[in-house]
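We did not get these values from a lab; they are worked out from the coordinates using the rules stated. Since this is a predicted model, take the numbers as computed values, not measurements. Note: ideal-geometry Cβ built from the backbone for every residue, glycine included; neighbour counts use all protein chains shown.
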Amino acid sequence: MDFVNQLQRKFIDYSSSLHREGIVDDQFTQLRKLEDENSPHFVMEVASLFFEDCEKLINNMAIALEQKQGVDFKQIEECIHQLKGSSSSIGAMRVKNACIAFRSFSGAQNREGCLRCLQQLSHEYSLLKNKLQTLFRVSVASRCLYVCLVIFCRENEHAEPFPDVLVFQLEKQIVAAGGSIPRVH
Amino acid sequence: MDSCNCIEPQWPPDDLLMKYQYISDFFIALAYFSIPLELIYFVKKSAVFPYRWVLVQFGAFIVLCGATHLINLWTFTMHTRTVAMVMTTAKVFTAVVSCATALMLVHIIPDLLSVKTRELFLKNKAAELDREMGLIRTQEETGRHSRMLTHEIRSTLDRHTILKTTLVELGRTLALEECALWMPTRTGLELQLSYTLRQQNPVGYTVPIHLPVINQVFSSSHAVKISPKCPVARIRPAGKYMPGEVVAVRVPLLHLSNFQINDWPELSTKRYALMVLMLPSDSARQWHVHELELVEVVADQVAVALSHAAILEESMRARDLLMEQNVALDLARREAETAIRARNDFLAVMNHEMRTPMHAIIALSSLLQETELTPEQRLMVETILKSSNLLSTLINDVLDLSRLEDGSLQLDLGTFNLFAVFREVLNLIKPIASVKKLHVSLNLAPDLPEYAIGDEKRLMQTILNVVGNAVKFSKEGSISITAFVAKSELLRDSRTPEFFPVPSDNHFYLRVQVKDSGVGISPQDIPKLFTKFAQTQSTATRNSGGSGLGLAICKRFVNLMEGHIWIESEGLGKGCTAIFMVKLGIPERLNEPKLPFMPKVPTNHGPTAFPGLKVLVMDENGVSRMVTKGLLVHLGCDVTMVSSSEECLRVVSHEHKVVFMDVCVPGMDGYEVAIRINEKFTKRHERPIIVALTGNTDKVTKENCMRVGMDGIILKPVSLDKMRSVLSDLLEHRVLFEAI
């Protein structure tokens, strides 16, 4: 049970650190609330869509900035707008701020500045991706553990009564950490 | 003698006397016989002869007399007894008839005589009537002439034409030699020859106005005969010319102010012109009365026509002036409108353009702060951050003020915790105050309600500004903030006579007094405090920065909250007190303030608040689309997603109750889609509710959304609670219009 608690604690600490460091904001919490039994992996789905989108846009922008003939700042601005929209929908605060900074440089048509911003943006994006993926791994791990425990309890009913209390506690901790209880049939 | 029955005449027949008698008798008989013949002949000829009986009688008398004389012819010689008998019979008859006639004539002759008198009388009458006819005809003639002249005079409104026509027509009608008009000069002391009939361009003869002959003419309303020798009649330069009779008449010149109803003009007018008319010298004509009358009538008509012309000139001049003024005003109005439009455009652009770089600067500097920096670099970055925050505040202030003046700012009313606002202000101000070693105390009255309805953000801004000023301008001492509910006797302050607050059951007036012991303000500066950009120039304040807008903005906020703000100070160095009163609402239920913003409590807190509600989401951005879908699915809706406007128009049907569309993507025209959806669904109950999702809710976006017929606008990012409350509001009322 210690392991479970540790895992839970790590999950809670991790998600609060994300908030504290400003990597994600309130919107992310809202998204977490939308997870229920009908869409248990909602946040992960949204996040993967976001990662795909982000990578594509960053690539496009990199290509656009490489052009020797003349940089198409309009296209860059469109990409930034998209990225800003996506990042604010998902609640990625630092990515969003980086987009805002990027926009001012592209508005001023400053190629050097844009390149620097793009670098910053990629850095933020990788940071976000890493953190979120870790978070998902932890949450998935804890859920698997929970499922195992429940199955174990069910299978071993006649053994010493496995404290339902513990299961109940585990449920509580998972919910408190912002996760959702997977249905076990 | 023999015994023949002859009668001897008395006289011998051969006597000469006998002969004469014989001839006379013969002629008498002839005459007597011819007289009735003549009578008959002439009476037959005449149509009227009333006395036929008399005629017969007279005729008989005459015939018998003739017969007598005729028979007398035979008695001059020897005649028989028969003749004598006949003679006697005739004489007897004659005697009878003549006596009868004589008797009758006694009656007849007076009658005949009176006929004669009547005839004479009738002849006289006829002559008199003839005379009168002549008079009437002349009068009619005159009337016709004057009507014609009047017509000619009044057919034009041009002054010169009027006068010229008058002279010409008069000259023609009366066959005048010369006709002239003398007008008074501007000074009124002379008469100047202005118009003549024969001479084309009269040279400017002038005559002094106070000549006796002129006075005589002016004092009478009739045409007056004047001597040809007087100066006004000497128009022709030639000396040998001897004019005929001259007549002068006055022409009243009426001023507009002289017109009164039922008041004959001669009572009130003062200026006259003189019209002089001369008959030809070679004819022996004289001025007749009817001609003089004609002249008088014409003079009056001319007066009226001239005043009409004057009125017309005046009104034309006024109209021209008005038109000029109109044009100038129009131009000024258009210029003002252009200026206002330019200013609004400028503001609309600046609103966006100024904030974007500011965000960039602030974002970048804060990002920079997170990186590894040397202490000097850190200091520099902090300075940059502080300055840019200040600048951002300044920009917000300026834009706010413009919006305030524009009238487009509206308060965001909501229930909030009043105590918390004061505590927050205190927390914000305490660090600065402690640095300056100022003691800040907050005193909230016990009857102050904890929760109130009002614009929390702006109230805090106001209090912060006022307290901040107190701190800024105090070098030492203490600051005390007092807040209480203003009672009715305190509501009317003698210092603010134009402020009449009316307390009611739902509202109360919050009164806040901030007293400081700082530099104070001199009385003449107090009125300038609330005007924007004005700052007192004392040395202490020169370094304190700020744009001078703070108090102006506060005043406008306070005014929006139906309150009043003023500052009292006893003078320089004696500190000052800032007092303001604002109207706040009293929340109805005690548990309501615990809930967030929307005053309506959503009926269903559960996740399936809107089971089966068909919703269409249009968003180009995949991630946002998915997030919005997730929100709506969580609330139980049946969501269809589209990523382009064509797809949206294809898919939308009357089954979809709500359409969410993202309008902040440039290039994709969400407004166009809204218009097309409006066109597609003509009946209002079939049309889905259209809600815009956007990143900024400035006035332009809101106006655009309202213009194309959208029902609501939500600021992204959307939280679950917000979406839930928005949907319940929309479905209840079908209109939302703005959820932040």
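Taking every residue in B:615-628 and counting other chain Cβ atoms within 10 Å of its Cβ, the average works out to 6.
Taking the radius of gyration and the Kirkwood hydrodynamic radius from Cα positions alone, what is the Rg/Rh ratio for segment B:138-180, to two decimal places?
Looking at segment B:138-180, the ratio lands at 1.00.
Other residues within the sphere of radius under 11 Å centred on the Cβ of residue B:576, judged by their own Cβ, net out at -2 (K and R +1, D and E -1).
How many partner chain Cβ atoms sit within 10 Å of a residue's Cβ in peptide A:90-97, on average, as a whole number? Present the calculation step by step, with values, prior to reporting the outcome.
Values: counts 5, 2, 1, 0, 4, 0, 2, 7.
Average neighbour count from other chains, rounded to a whole number: 3.
Here residue B:335 and residue B:531 are evaluated by their C-beta separation; at R0 = 25 Å the FRET efficiency comes out at 0.50.
From the convex hull of the Cα coordinates of segment B:268-381, what is the mean projected area in square nanometres?
For the Cα atoms of segment B:268-381, the hull's average projected area reads 17.9 nm².
A simple packing score, the average count of other Cβ atoms within 10 Å per residue, orders the peptides B:53-60, A:68-75 as B:53-60, A:68-75, with the highest score first.
Checking the Cα-Cα distances for B:386/B:515; A:96/B:437; A:33/A:56 against a 31 Å cut-off, the pairs over it are A:96/B:437. Take each peptide in A:84-90, B:569-575, count the other Cβ atoms within 10 Å of every residue, and average; sorted highest first, the result is A:84-90, B:569-575. Expressed as a whole percent, the proportion of Cα-Cα pairs in segment B:614-738 lying more than 18 Å apart is 46%. Sorting the segments B:648-661, B:368-381 by their mean number of nearby beta carbons within 10 angstrom, highest to lowest, gives B:648-661, B:368-381.
In summary, the aspartates and glutamates within cross-link reach of residue B:116, defined as a Cα separation below 19 angstrom excluding same-chain residues under 8 places away, comprise B:128. Within segment B:380-483, the trypsin sites (Lys or Arg not before Pro) that combine a DSSP coil assignment with at most 15 other C-beta atoms in a 10 angstrom radius are B:436, B:437, B:475.
As a quick test, which of the pairs B:629/B:657; B:629/B:699; B:44/B:125; B:229/B:270 have an alpha carbon distance above 18 angstrom in this structure?
On the way: B:629/B:657 15 Å; B:629/B:699 28 Å; B:44/B:125 29 Å; B:229/B:270 27 Å.
Over 18 Å Cα-Cα: B:629/B:699; B:44/B:125; B:229/B:270.
Other protein chain C-beta atoms within 10 Å of residue C-beta, averaged over A:30-37: 5. The phi torsions of segment B:273-284, fed into the Karplus equation with coefficients 6.51, -1.76 and 1.60 and a -60° offset, translate into couplings of 10, 10, 10, 10, 10, 10, 7, x, 7, 7, 8, 8 Hz, rounded to whole numbers, with Gly and Pro shown as x.
Using a Förster radius of 41 Å, what is the FRET efficiency between residue B:369 and residue A:67 based on their Cβ-Cβ separation? Nearest 0.05, please.
Working: r = 33 Å, r/R0 = 0.81.
E(calc), rounded to 0.05, equals 0.80.
Computed from phi, the 3J(HN,Hα) profile of segment B:66-75 under the Karplus parametrisation 6.51, -1.76, 1.60 (θ = phi - 60°) reads x, 4, 4, 5, 5, 5, 4, 4, 6, 7 Hz, with x in place of Gly and Pro. Scalar couplings 3J(HN,Hα) for segment B:390-402, obtained by applying the Karplus form with A = 6.51, B = -1.76, C = 1.60 to θ = phi - 60°, are 4, 4, 4, 4, 4, 4, 4, 4, 4, 5, 4, 4, 4 Hz; x denotes Gly and Pro.
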